[in-house]
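Down below is the structure, laid out as structure tokens.
The values are calculated or read from the model by the stated rules, or taken from the named source; none is laboratory data. Note that the structure is a prediction, hence the values are computed from the model and not measured. With ideal geometry, Cβ positions are generated from the backbone for all residues, glycine too; neighbour counts draw on all protein chains shown. Heads up: the accessible areas ignore ligands, DNA and RNA and are worked out on the full protein's heavy atoms, side chains in. Shrake-Rupley method; radii C 1.70, N 1.55, O 1.52, S 1.80 Å.
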Amino acid sequence: ADVSRVFTHELVRHRAGTAMSQESLRYARLTDLEWYAPTAIRESAEGMEIYTKTMAQLEQLQTELAELFCIDESGKQFSEKKELTSAFRRIAPIGLATNIGWSANMRAIRHVIEQRTAPWAEEEIRLVFGQVAEIAIKRWGNIFADYDVETVDGLPWYTTKNNKV
């Protein structure tokens with residue numbers, strides 16, 4: 001829950017042995033945007049100022065469009081509201097928070113943990129799959145007993161002796 005669309009765009013690339021169900025923005029009004037700011041942005045006061053200001057502007061644009069098209073007008077047909085809401089999402093940022101359900105077989109879980117905790121993976125997916133790895137190791141210790149963990153840039157990297165690059 002509450003991962004960015006950057007995260008979900010990367011996760012859905014892992015299709016073999018998985019199933020996903022993602023929140024649709026066709027029906028979600030985007031008036032209060034939740035978002036994830038990467039460390040590189042958070043470490044800069046000026047960067048955070050620009051990032052926060054941009055997200056606030058994008059929220060404001062959603063409100064202005066809703067007002068322009070009188071989306072909350074009584075008697076407005078649901079189909080028209082859905083069409084407008086869908087149109088408004090085109091200016092939603094890729095960093096927007098969303099929800100996704102993900103299930104996978106053990107082989108897929110192992111593969112995604114190894115790929116997405118690697119130092120070259122995107123920060124947010126590294127954070128999440130570090131947590132997935134901890135849960136998997138605790139719950140299915142025998143299946144994940146061959147993992148080695150190394151900390152790289154403050155985040156765990158899970159590998160096996162055979163898959164270390």
Quiz item: Is it true that some residue in the stretch 103-112 is under 16 Å from the mean Cα position of the chain (by Cα) and either on the phi > 0 side of the Ramachandran plot or at pLDDT 95 or above (or both)?
Solution: yes
Practice problem: Residue by residue through the stretch 149-165, note down the ones that are open to solvent by 60 Å² or more (accessible area, probe 1.4 Å) and in contact with a strand residue (DSSP E or B) (Cβ under 6 Å, 6 or more places away or on another chain). | Solution: Val149, Glu150
Quiz item: Which residue, of Leu65, Leu58, Leu11, Leu25, is surrounded by 14 or more Cβ atoms within 10 Å (Cβ to Cβ) and modelled with pLDDT under 90?
Solution: Leu25
Self-check item: Residues (farther than 19 Å from Asp32 by Cα and either free of Cβ contacts under 8 Å to residues at least 24 places away in the same chain or open to solvent by less than 20 Å² (accessible area, probe 1.4 Å) (or both)) located in the stretch 73-108
Solution: Glu73, Ser74, Gly75, Lys76, Gln77, Phe78, Ser79, Glu80, Glu83, Ala108
Practice problem: Within the stretch 37-48, count every residue that is under 22 Å from the mean Cα position of the chain (by Cα) and not in a loop (DSSP other than H, G, I, E, B). | Solution: 6
Quiz item: Which members of the stretch 106-126 meet the condition of being within 12 Å of Val152 (Cα to Cα) and of a type outside the set (Lys, Arg)?
Solution: Thr117, Ala118, Pro119, Trp120, Ala121, Glu123
Quiz item: In the stretch 115-136, what count of residues is obtained for those that are open to solvent by 60 Å² or more (accessible area, probe 1.4 Å) and without any contact (Cβ under 8 Å) to a residue 24 or more places away in the chain?
Solution: 4
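From Ala19, Ala37, grab the single residue that is surrounded by 11 or more Cβ atoms within 10 Å (Cβ to Cβ) and at pLDDT below 95.
Ala37 is the lone residue from the list that is surrounded by 11 or more Cβ atoms within 10 Å (Cβ to Cβ) and at pLDDT below 95.
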